[in-house]
Structure formats: structure tokens, C-alpha cells
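The values are calculated or read from the model by the stated rules, or taken from the named source; none is laboratory data. Bear in mind the structure is a predicted one, so any value in this text is a computation, not a measurement. For neighbour counting, all protein chains shown are included, and Cβ atoms are generated from backbone atoms with ideal geometry for every residue, glycine included.
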Amino acid sequence: MRLSKDFLSDYIDLSNIPYSEVAEKMVFAGNEYESIEKLCNAKGLVVGYIEDCVNHPESDHLHICKVNIGSETVQILCGAPNVAKGQKVIVATIGAELPGGVIKKAKLAGMESHGMICSMAELGLESKYLKEEDHAGIHVLDADAKVGEDALHYLGFDDEIIDFELTADRADLLNIIGMAYEIGAIYNQKVTLPDIKLHETKENICDIMKLDVRTDNCPIYLGKMVKNVEIKESPKFIKNRLMASGIRPINNVVDISNYVMLEYGQPLHFFDKDKLGNTVVVRMANEGEMLNTLDGKARVLKTSDIVIANEKEPVALAGVMGGLETEIENDTKNIFIEAAIFNPLRIRYTSKAIIRSEASIRYEKGVDPSRTILAMNRACELLEQYANAEIYSGILMHDIASKEDKKIEVSLEKIVSVLGMNITKEDVEEILTRLGFTYKIKYNIFEVYVPTRRIDVNIKEDVIAEIGKIYGYDKVVGSLPTNIMKKGTYSKKEQLEKNVRRHLRALGLNQVITYSLVSENEINIFHNEKYEPVILESPMSEDRKVMRTSLIPSLLHVYDYNSARNRKDIHIFETSAIYYKENDEYKENMMLSGLLSGVYEENTWQGKELKVDFYLVKGIVENLLDYLGLHNRYQFSLDNLVKELHPGMSASIIIDRNIIGFIGRVHPSICKKEVYVFELDLKKILELKVKAIKFKEIPKYPSVKKDVSFIVKEDVTSKEVEDVIKKAGSRLLTNIDVFDVYVGENVGKDEKSIAYALTFRDPNKTLNDEEVTVIFNKIIAEVTKKLDAVLRNK
Amino acid sequence: MKEKVETLKKEMKEKIKSITTLKELNDLKVEYLGKKGPINELTTMMRDLPVEEKKEFGKVLNEVKNEANTLFENTKKALEEKELNEKLQKEKIDITLPSAKLHVGAIHPLTKVIEEIEELFVSMGYDVVEGPEIEEDLYNFEKLNLPKGHPARDAQDSFYITEEMLLRTQTSPVQARVMDANKEKTEVRVICPGKVYRRDDDDATHSHQFTQIEGLVVGENISLSHLKGTLEELAKKLFGMDREIRFRPSFFPFTEPSLEVDVSCFKCGGSGCSICKGTGWIEILGSGMVHPNVLRGCGYDPEKYTGFAFGIGPERVAMLKYGINDIRNFYTDDLRFLEDFNRTEGSEQ
């Protein structure tokens, strides 16, 4: 909402108040502004009188003018075709600032020029307000302009404008009178309203026209008729105020309807009465009915649209836009004026589907029912004054809206306890008066009567907010709630995530956060068939269409991004939800995914390098699971492998017989580079019971170490060998380590050798050689027998 | 005899002084203290002395022996130390050569901000709770006093999945869920962090996905003063101990009164600079007293209970705090960006 100072000054006294101060004070009443500016930003323009004007002898278009600018008479060269002796004109003096630049003394075709005579287009008005003639030549002022006077002031172009960004609830501020009430409350000033005087003819509209409201979506519909209007240009003040408010002046009649809307917030619609006919019907549109709106477009209507119709067809889209058929044109003589209120929700749906207009913006948010008749009369008054209209008596009327003030009770105690400020009864009384709310007091309870213009004030909390805003929220002194002490807690999920993040961070992985919405392509990889994807009803783009069912495609994105920037060592993880539908329910599942590539640790000049490979990533996963208290409970299995992983370098991760994740190298068909990923289902991990840490006796007796090396078939896994060793080793075998794996000429083809370091210990005594040898031999016997293995010679 | 001993002693001391290696020292020790050495010789000679003299001379001889042993021992230690030092000197390395590259990860700046805020509120007795991102229209809008067709829904253009389900546009629905779930309708003190989504084209200041932290306190006699006091703690935690806050009235459908909160500029302290655009204040969050319709809709009696709520954007906080100029940085995950957050900041825990 653009608020003109000139317009506002009709209602409150702004003579001693800088407009910038008004803007600042409004901010602390909850009304932010975007900018404060002048209608024209030019400086140094004065009214000049052309005392003499002759053609330049050496130019085919320049004129040499002697211009009286009040303080002196200067020579100005002017190229405009319409410049002439005796004109009063706008002169940009030396040093004047125009949008086109600063005016300097110049030499044109050998002659000095001390300034510039301006056209309308050069002053810095927005181009939408300019007509063709404003560009064609200099602007000639009326004879009453005083020579030497500030030209912008004479034109009314020095008006100041605050461009407010209003909150959605303040429909009452979408007009000048509403603004005047608000600013009046802030400055403790009374608002002066227009005193409307009409001269009506004996003819009564009700004898001529008929109104039929057939929908309950129109609580008020008022109509008035005027005849013999003279369509012409509006007076200067109306044009300027419209421009200041962002509306382009058209002609006096159209401008008056806009002017009154700006003034009262009540949209009006003017019909050419002769084209409209004698019947006005307000009804819901029929499905598929057509209407050509004022903007020249053919609109197909729906049953949810309210229309104004005559006997035959719709003539306007109620509250949104008029129809082309009944438009005011230059030859219009008689006008039917509509002032109505429509159901805001209906207007909202229609304007959202068809077009937003100044009218619909106001209707959607709510219009004050008490002003409908005032606005209509005001329009008549202005039409009488500025369009020579003759006003029919009587009003075509349908009105079932309540115009009573809203009664709201609120106790002083409540006001004080919500605001937490020491407000007294007298403070409240003063503020209510300033707001224009009447009240009665009964035992410290205020019975507040809120005028209908305040559509946003309906309950006691709204009244309290109004009181707080005028009293000043800067007076609130902070304190902490004195509620019962209790300890704060993290959710278990958040705690787990935090543990995971910190641990992986310590292990060298960077946390990333990526988008939950992905493309359909990305949903097709690393997608678990069990999960039915969640798809947006109307996505903004193909890239952000589906809720992801895996984090890994996003991590691959981050890998690609960084890799394309020559980053080789990439170690990242993300903890985020994945989303899917299951049995018609929407599920969100917290997952952890990691991606590693390149070198994990290195010192180049020393030739040391720990490259990322399967076993390193496995180590990270194991390290994390151990940290989470799951030591000895997980296994890496070759069952249920993920098809997007290298079939020979991947595993599923199992805890207590449930798959909780996977690990492996990304399949070369998806990523050519050597990239490893893992995924863990944090929701499943969260459900696992973890044992508390318990002290174990530190071993008192020494251990015995023995090495053994087996040659086994190539497809026998180390895990299989270890399982047999473990079983044969009894409780005295406390640790198994692999210290060598060999494939090559010293073993057969399709064979490999694995060497184990076994540790034996008896918690109760020192083991002797014989005891160990017995177990050791049993281990050898079992492994060779069960796995068809051969003991490798040392 | 005595003189002989003195001469011997003097001579030995002189020789020891010029010794440089352990071997020489050992040889000298054998020379003087060995079986064939002069001291032993004197001991043999002593046998032939009369008893009185024997006793006296024996004492002298013993003293010399002890003195010699101590001297040899000390010299040995000194030489050993010298040799070790020489050996270590030869092992000297160039300590200016580069270290082993141990990669340490970084916590994402948004997570850092969220954790910092969580920590503060947990210390003030708040619980951290979460709600679904795929949310019902009922909780995202209707229970928050935003019925269908409410103009304020426009500002939060949403990603709908069905007519009734959408990606939440704010973390505020968790407010309603927490109050709904509290069957005894007792006091509530929670903060709710999480991801939210709006139909915005991604650019330097907009992101279709971002994070929010909602705070909610419901109890008897909760007032604006408590809201202010609480947010003052938050402002100090995030932007430094000298920070002040101020309220500006505003409008949110789920609070009344509704207040925007500005923090005094952490760069210039309030005198005006480029960060605060010359105003001395920076807008950081929206807040207010819980609207009675919201309380009522969740089973709380607004006559008995009041509450305050606030919502803060970790992206905005991180952008201000760290001087980040493009919101997309948070979601592009350029490692060079992330690695800048790979450390603590002074007093931060």
C-alpha cells in the first residue's frame, strides 16, 4: 500500500510531522515499509516564463529562449517544437538533478545554454503514467503558475509516499482513512472525515431499476444512478493522488471510482447504465458461462464464481473485474454505481484462478460494511463535482450485514499478565480512546466496542495486542519463566544422531546436508523395492519431484560436484530421513549413509598412504557400531546384496539376524571411479537394546601366542575358517588375528593361504605348553577336516 | 710411603682429566686399580709394615681407593651422557617437514547452529522433540489458526502430496502435535528443530528446503516478559553477551500478539553498518503469544493457560554469524565450504 502524504493530510494534520518519522513509528505499530520516496525525485526545477523565443540561426530545430526564472533571466536553448514566447514552463536550472543526470552550463551550436526546459517525461514520473504527448514536447504550465516557484510543488509532484508492506490481517489499512486512524492513534490525533453533500434529482432509481440478489455470498449490494456525466480529464489532485498510490489516471469517471476505493477501501464498480439495462442480478455463475473482462480476455466461468448479470448474461465478475460490454467509454452518459460486499473466500478463489485486481485484493481480505454506503455517496459527490453528474435519488439496496461494533470483554489483570508490563487502568483508557474504540468499565473489566473497520480485532487477545502496540513493546522487561524446574532432554533419536555425527566426524568424515526432493531418475537407484515413493502433486521441476528413498544418490551428487572441482579425497556422510508409503501410511525413516573415495591418510614425502578401500570403510562401520555398543553383534553377509554395488566387493550388514544396512564399492556402471558407500538404518539401530558397560577383571596370568597358516580353496572365506577355529579353540582361545593372506605360485591355483595369530589364555592359571598344544592340534585337525584345508609348511 | 700415595693420587687425577672415551677410562682404571696396579702393589707392601703403621697406612690407602672409584664412576657417567648426546644429535630430523595428513571431518554449519540452540534450551529445561516432515494440512495450517482459504496461506506456498498431506512449510505444526499429545494438558516446554519446504525457486536468499527451530512454552501466567527474557538468552548465546533484543509488532496467524524480534547488530554494536543496513538492528526471528484458537484446538483452556512460541531459521543465523552470502552453500556441500567449520570457536563447548 502506497500512502501519499498529500492524500493523508486531508484526514489528519501532518504539518509538523516529518513523513519519515511517520514511517518509523508505523514500523513499531506493526506496519513495515519498503521505501519512502517522492512522486518525482528531481531537484532544482522552477517555474519559468519565456520572455522571448527566436530560432537559432545555425540550427534547424533549436530555439534561443530568454527565460525569467524569478531570480534572473537566463538564456536557454530548447529543441522542442512546441516552445513559444509567453509560455510558463518547467525549467531545470544549472545544478538541477533529473533522472537523466545533473544539468550543467552547455554550449549548443555555438550558443550558451543556462539550463533546460523540461517535458513531462523528463521529470522522473513512472513511465506507466506518461502519455504520448508527454514525450513529444515541453510541458506548458497553466497561467496561474508563479515564476520562480518550485515547479514540482506547483505540479503536486513533490508529494511524499511511504510504500508499506502490510501484514495479511490489516485489511483496514488498504485505504487512506484506515491509515489515518492508525497514524492518528499513534500521534493521538482525531481523524477528520469528509463531509459528504449530495444534490439529488426527483427521479428515483428504484422506479427505474430492479435488483435481485440470488446468492448468500453477497451480504451487501447497493446501487445508485447518475446521469449526463461529462467524461474528461480528472482534476490535478485526483490524478496526482492516484499516481502516488500506484494507479494510472484514465478519465474523471474511472479515476473517481479508484479514488474512492483508495479513500474508503470500498471497491466500486461503474457500469454504463445504458448498456447494462434495468435489471441487476447477483448470482453464482453457471458452469461454462462466458464473460469478456475489461482486460479484453474471454473468461470461462465456474459455479464457484459470483457474477453480476443483467436480464441476459453476466456483465461483471463480482469483486474481481468488470465486463467489457458495460464498460465506461468516452461517450458514456449514464452510470450505474455498484457498492457491494462479497464473500471474501469466493473472491479469493475466483481471483486466484482468474486475475488479481485492486478490488479483489481488498475483497479477499475483508471490507468494512459500515463504509459501503459512505463510499457510494462519496463517489456520487465527486461525480457531481468533477463530472457534472446529476444524481438520482434513492438507493437500490440489498443489505443483511451487521454494522454493530464488536463487543469484547477484557480484564485489566489479563492485559497486564499477557503483556508483562505495568499498564494502568488509565493507560488502557487513553489507548482505547486513541484507537477509536469505545468502552465501558465494570470492576476492572473493560467492555470494549470495536468498530467494524477493524476486521482484524475480534477477541480479547487482539485488543491486548492493540494496547501493547500503542503502549510500546519497547517497555517489556525480559524475565525467565518461573515454572517448576525440570531437566531438559534430547529425544533418543536426536541423541543417537548426535553420537553418530560426532563419531564419524572424529573418523574424518564431513557431514553434508542435501535436498529431500529428488528426480525420478535418482529414485531408481539404491531404491528398496519395499518402499513406495512419495510423489508431489504438482512439483516445481522434474529435479525436485519425489521424496528420496535413499541418501546415496544425493551423496553421489556431492561426490560428483566436488570431484568436478578436482577434489580427490572425499569422505562424507549424511544423517537424514528417507520417505515412503507403506499400507497407505507415510513413513519417515532416519538413515545414515557415508561415501568415501581417494586417500584416507597420507604423508606424501614419506611415501605413506592409506587408501580408501573396502576394508577401510568396513573399519569405519565397525568402529561406529562398536562405539554404539554393538560390539560382537554384527556380521557382514553375502546374502541380499544391493545391485548398485560391485558384486564382488559388497556385503549386507546384519545385526541379530536383521539386515540393518550395506557396504560396498559403487558398481562401476554407476560410478567409474573407485567410490565406496555404506548405509545404516538408524531407526533399526535405535530399537536395539545396548548393554551397559561392565567392569571385567584384568587378566592376571600370561597369554600364549601361536601362529598357524592354512591353505584353503579360494572361495572359502576367512570367516568360515575363523568359525571353525573358534569352535575348536574352546574358551581358552581368546583372540584370532589374520596376519597374512597369500595367493600366488607357492600355493595351488584356486587356492589361498591365510595365516592366523591365535592367543590362548586361562583366566585362572598360567597355561603350560602341553595344554596349548592339545588345543592347537585340535584346531588344525578340525580346520583341515572341515574345510578341506592343508596346514601350510613354515 | 705416604708421599708415594699422594703422588700416585695426583698423577691419576691428571690422567683422568685427559680421558675422552669409555675405553680409555676402563684402561686407566685397570692400570691403577687392577691387580697389577700400583694401589694393589702398595697394599701388598703394607703387609710388611709394623702394626701401628699398618693401621694408619691402611686407612690412607682405603681413602685413596674409594676416592679413585668415585672418580672413575663419575667420569664414566659423564662420558656415557656425552656419547648418548652425540648419538641423538646424529638422529636429528627436520621438524619443519609437513605432517601426516589426518583427515578430520566437519559438522555442517546448520547442524552446529541447531546444536548450539538445542544445548541452550535443554539447559533451560526444554525437551527437544520432532515431528513428521510429511504433514497433515490439519496440523500445518488448520490447527494453527490458518483455515483453508486464509490469505496468510499464500505466503507459504506449499508442496502438496494429496489434498490433505503436504511437506510441512514450518516447524510450527510440532507445537500443535505436542499440545495434542499431552493428554493431561500440563505445562509444555519444547523446541522442535527440523526441515521445512516451500515452493520457492532456489536463489541466493531462497531455498525450497530449509530448516527451522520452533520453541513453545505453555503454562499458567506465561507473559511477553518471559518471551523477551528467553529470547535475550538466545541472542546472547548466538551473537554474544552484549546483545540486546527489541520487539516489533507483526502478524502470524498462530500468535497474538505477534512480534518480530531484532537483535542489536553484533558487528557495529548498534551504531549502524553494512550488516544491519545502518539501522543497528538485525531481524532474526518471529514470535508471539500462542493464539487462543491454537490452545483451544489442542485442548488447552486459554482462560487458564497462556504460552509463547517462536520460530528461528538456522540458515539465517548461520549466514549472519559466519557472513555466508548465498543460502545454496548449505546444500551444495562444497568440501572447501564445509571444512571451514571444522573447529571450535573460543569459549564454545
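Does any residue of the range B:167-178 turn out to be in a strand (DSSP E or B) and either more than 10 Å from chain A (Cβ to nearest Cβ) or at pLDDT 95 or above (or both)? Spell out the reasoning first.
Applying the first criterion (in a strand (DSSP E or B)) to the range B:167-178 yields B:167.
Of the ones still in play, those that are also either more than 10 Å from chain A (Cβ to nearest Cβ) or at pLDDT 95 or above (or both) are B:167.
Yes, because at least one residue in the range B:167-178 is in a strand (DSSP E or B) and either more than 10 Å from chain A (Cβ to nearest Cβ) or at pLDDT 95 or above (or both).
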Note on the range A:538-557: residues more than 10 Å from chain B (Cβ to nearest Cβ), more than 30 Å from B:Val104 (Cα to Cα) and outside any loop (DSSP other than H, G, I, E, B) are A:Val546
For A:Asp474, the lone unmet condition from (1) outside any helix (DSSP H, G or I); (2) within 14 Å of chain B (Cβ to nearest Cβ); (3) touching a residue at least 60 places away in the same chain (Cβ under 8 Å) is (1)
ask   = Any chance the range A:491-498 includes a residue that's at pLDDT 90 or above, more than 7 Å from every other protein chain (Cβ to nearest Cβ), within 25 Å of B:Pro292 (Cβ to Cβ) and in a helix (DSSP H, G or I)?
value = no
Picked from the range A:146-167 (must be touching a Phe, Trp or Tyr at 6+ places or on another chain (Cβ under 6 Å) and outside any strand (DSSP E or B)), the residue farthest from the other protein chains (Cβ to nearest Cβ) is A:Val147
Filtering the range A:612-643 down to residues that are under 24 Å from A:His557 (Cα atoms), outside any helix (DSSP H, G or I) and either at pLDDT below 95 or among the hydrophobic types (A, V, I, L, M, F, W, C) (or both) yields A:Val612, A:Leu641, A:Val642, A:Lys643
Among residues of the range A:341-363 being within 24 Å of A:Leu396 (Cα to Cα) and within 22 Å of the chain's Cα centre (by Cα), the residue surrounded by the most Cβ atoms within 10 Å (Cβ to Cβ) is A:Ser360
Scanning the range A:710-758 for residues that are within 14 Å of A:Leu791 (Cα to Cα), buried (at least 17 other Cβ atoms within 10 Å of the Cβ) and among the small types (Gly, Ala, Ser) gives A:Ser753
In the range B:265-300, anything closer than 19 Å to A:Val476 by Cβ, within 14 Å of chain A (Cβ to nearest Cβ) and surrounded by 22 or more Cβ atoms within 10 Å (Cβ to Cβ) is listed as B:Ser287, B:Gly288, B:Met289, B:Val290, B:His291
Subset of the range A:558-605, residues more than 7 Å from chain B (Cβ to nearest Cβ), within 17 Å of A:Asn510 (Cβ to Cβ) and among the aromatic types (Phe, Trp, Tyr), comes to A:Tyr559, A:Phe573
Restricted to the range B:183-234 and to residues being more than 30 Å from B:Thr332 (Cα to Cα), within 8 Å of chain A (Cβ to nearest Cβ) and without any contact (Cβ under 8 Å) to a residue 12 or more places away in the chain, the residue surrounded by the fewest Cβ atoms within 10 Å (Cβ to Cβ) is B:Gly229
Q. Is one or more of the residues making up the range B:71-86 touching a Gly at 6+ places or on another chain (Cβ under 9 Å) and aromatic (Phe, Trp, Tyr)?
A. no
Scanning the range A:1-34 residue by residue, those within 14 Å of chain B (Cβ to nearest Cβ), hydroxyl-bearing (Ser, Thr, Tyr) and either within 30 Å of A:Ile117 (Cβ to Cβ) or crowded, with 17+ Cβ neighbours inside 10 Å (or both) turn out to be A:Tyr33
When every residue in the range B:92-142 that is aliphatic (A, V, I, L, M), without any contact (Cβ under 8 Å) to a residue 12 or more places away in the chain and touching an Asp or Glu at 6+ places or on another chain (Cβ under 8 Å) is compared, the one nearest to B:Leu238 (Cα to Cα) is B:Leu102
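Could you identify the single residue in B:Leu88, B:Leu61, B:Leu79, B:Leu42 that is touching a residue at least 60 places away in the same chain (Cβ under 8 Å) and among the hydrophobic types (A, V, I, L, M, F, W, C)?
Values: B:Leu88 fails: touching a residue at least 60 places away in the same chain (Cβ under 8 Å); B:Leu61 fails: touching a residue at least 60 places away in the same chain (Cβ under 8 Å); B:Leu42 fails: touching a residue at least 60 places away in the same chain (Cβ under 8 Å).
Matching residue, one of B:Leu88, B:Leu61, B:Leu79, B:Leu42: B:Leu79.
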Kindly indicate whether any position in the range B:304-327 is within 30 Å of A:Asp569 (Cα to Cα), within 11 Å of chain A (Cβ to nearest Cβ) and surrounded by 14 or more Cβ atoms within 10 Å (Cβ to Cβ). yes
Out of (1) in the same structural domain as A:Ile337 (by TED's automatic domain parsing); (2) crowded, with 22+ Cβ neighbours inside 10 Å; (3) touching a Gly at 6+ places or on another chain (Cβ under 8 Å), the one A:Leu419 does not meet is (1)
Of the residues in the range A:528-537, those that are more than 7 Å from chain B (Cβ to nearest Cβ) and crowded, with 21+ Cβ neighbours inside 10 Å number 0
The residue that is nearest to the other protein chains (Cβ to nearest Cβ), considering only those in the range A:506-527 that are assigned to a loop (DSSP other than H, G, I, E, B) and not hydrophobic (A, V, I, L, M, F, W, C), is A:Gly508
If we ask which residues in the range B:237-259 are touching a strand residue (DSSP E or B) at 6+ places or on another chain (Cβ under 9 Å) and either of a type in the set (Val, Ile, Thr) or more than 8 Å from every other protein chain (Cβ to nearest Cβ) (or both), their number turns out to be 9
Within the range A:63-81, the residues that are out of contact with any strand residue (DSSP E or B) (no Cβ under 7 Å at 6 or more places or on another chain) and exposed (fewer than 15 other Cβ atoms within 10 Å of the Cβ) are A:Ser71, A:Glu72, A:Pro81
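Quick grid of which residues meet (1) surrounded by fewer than 17 Cβ atoms within 10 Å (Cβ to Cβ); (2) among the aromatic types (Phe, Trp, Tyr); (3) modelled with pLDDT of 95 or more:
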residue: A:Asp163; (1), (2), (3): yes, no, yes
residue: A:Leu166; (1), (2), (3): no, no, no
residue: A:Asp169; (1), (2), (3): no, no, no
residue: A:Leu173; (1), (2), (3): no, no, yes
residue: A:Ile176; (1), (2), (3): no, no, yes
residue: A:Met179; (1), (2), (3): no, no, yes
residue: A:Gly184; (1), (2), (3): no, no, yes
residue: A:Leu193; (1), (2), (3): yes, no, no
residue: A:Lys197; (1), (2), (3): yes, no, no
Here, helices (runs of 4 or more DSSP H) confined to the range B:233-349 with at least 2 residues that are over 30 Å from A:Leu596 (Cα atoms) and at pLDDT 90 or above are B:292-297, B:314-322
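Can you name the helices (runs of 4 or more DSSP H) wholly within the range A:222-340 that have at least 1 residues being among the polar types (S, T, N, Q) and within 39 Å of the chain's Cα centre (by Cα)?
Details: elements: A:236-244, A:252-264, A:273-276.
In the range A:222-340, A:236-244, A:252-264 are the helices (runs of 4 or more DSSP H) which contain 1 or more residues that are among the polar types (S, T, N, Q) and within 39 Å of the chain's Cα centre (by Cα).
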Exercise for review: Answer yes or no: is there a residue in the range A:386-399 that is part of a loop (DSSP other than H, G, I, E, B) and of a type in the set (A, V, I, L, M).
Suggested key: yes
| Within the range B:79-96, can one find any residue that is more than 10 Å from every other protein chain (Cβ to nearest Cβ) and surrounded by 13 or more Cβ atoms within 10 Å (Cβ to Cβ)? | yes
Scanning the range B:100-152 residue by residue, the ones that are at the interface with chain A (Cβ under 7 Å from one of its Cβ atoms), closer than 30 Å to A:Asn343 by Cβ and among the charged types (D, E, K, R) total 0
Of (1) crowded, with 20+ Cβ neighbours inside 10 Å; (2) within 35 Å of the chain's Cα centre (by Cα); (3) in a helix (DSSP H, G or I); (4) more than 12 Å from chain B (Cβ to nearest Cβ), A:Arg453 fails just (3)
